[in-house]
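Each value in this text was obtained by applying a stated rule to the coordinates, not by laboratory testing. Predicted, not measured: the structure shown is a model, and the values here were computed from it. A quick note on method: Cβ atoms are made from the backbone with ideal geometry, for glycine too, and the neighbour counts reach across all protein chains shown.
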Amino acid sequence: MAGEPDEARRHGTVGAVARDRDGNLAAATSTGGMTGKSPGRVGDSPTIGAGTFADNASCAVSATGHGEFFIRYCTASEIAARMRHAGHSLDKAAGAVIAELGAVGGSGGLIAIDRDGNIAAPFNCSGMYRGFAREDGILHTAIYDEPYQAQ
Ligand code: ASP
């Protein structure tokens, strides 16, 4: 939707992350790419480490936004690296990476879950359609609220 003033509404990507009862993590991202993209462009969604990443040792991440920035900064795997190497929590690592991306002009956000089941869904645009469910089956959804950290 070129010309759409709300950045959050320009993204048509669907992503999912999951943790099973044994602690295995998975991530998936599907997208039509960016509006007006060049023929043959490969975005961040199918690029492991950029828009999609999962590692049982740290977290699973699925991102949406301006893919060139997510590729350049290896966004998804950068969050996992900060958890592994710096001991950051998922919330701290994901929030910082998305804030840093925004500071250089990269609009977007992500959903993520860590090996302990902590969830983070930070974004630096005006909103991001998102939700989560746990064992109780209760669905939680949000669009424009502040990014949440669900335990
Ligand atoms: N990240 C996707 C891409 O750059 C687009 C999107 O998530 O809206 O291809």
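Quick look at the numbers
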item	result
Isotropically averaged projected area of the chain, using the convex hull of Cα atoms (one quarter of hull area), nm²	8.6
Nitroxide proxy distance, nm - points 7 Å out along Cα→Cβ at VAL14 and LYS37	1.6
For PHE70, PHE132, order by how many other beta-carbon atoms lie within 10 Å, fewest first	PHE132, PHE70
For PHE53, distant residues with modelled amide H under 5 Å away	VAL61
Gaussian network model of the chain, Cα within-10 Å springs - most flexible of GLY43, GLY32, GLY102	GLY32
Positive minus negative residues near VAL42 (Lys, Arg vs Asp, Glu; Cβ under 15 Å)	+1
Three-way shape label, the stretch 93-135, alpha-carbon gyration tensor, a/c 1.5	oblate
Helix-only mean residue ellipticity at 222 nm for the chain, each DSSP H run of n ≥ 4 adding -39500 (n - 2.57), per residue, nearest 500	-6500 deg cm²/dmol
Highest-fluctuation residue, ALA60, ALA26, ALA86 considered, GNM on the chain with Cα pairs under 10 Å	ALA86
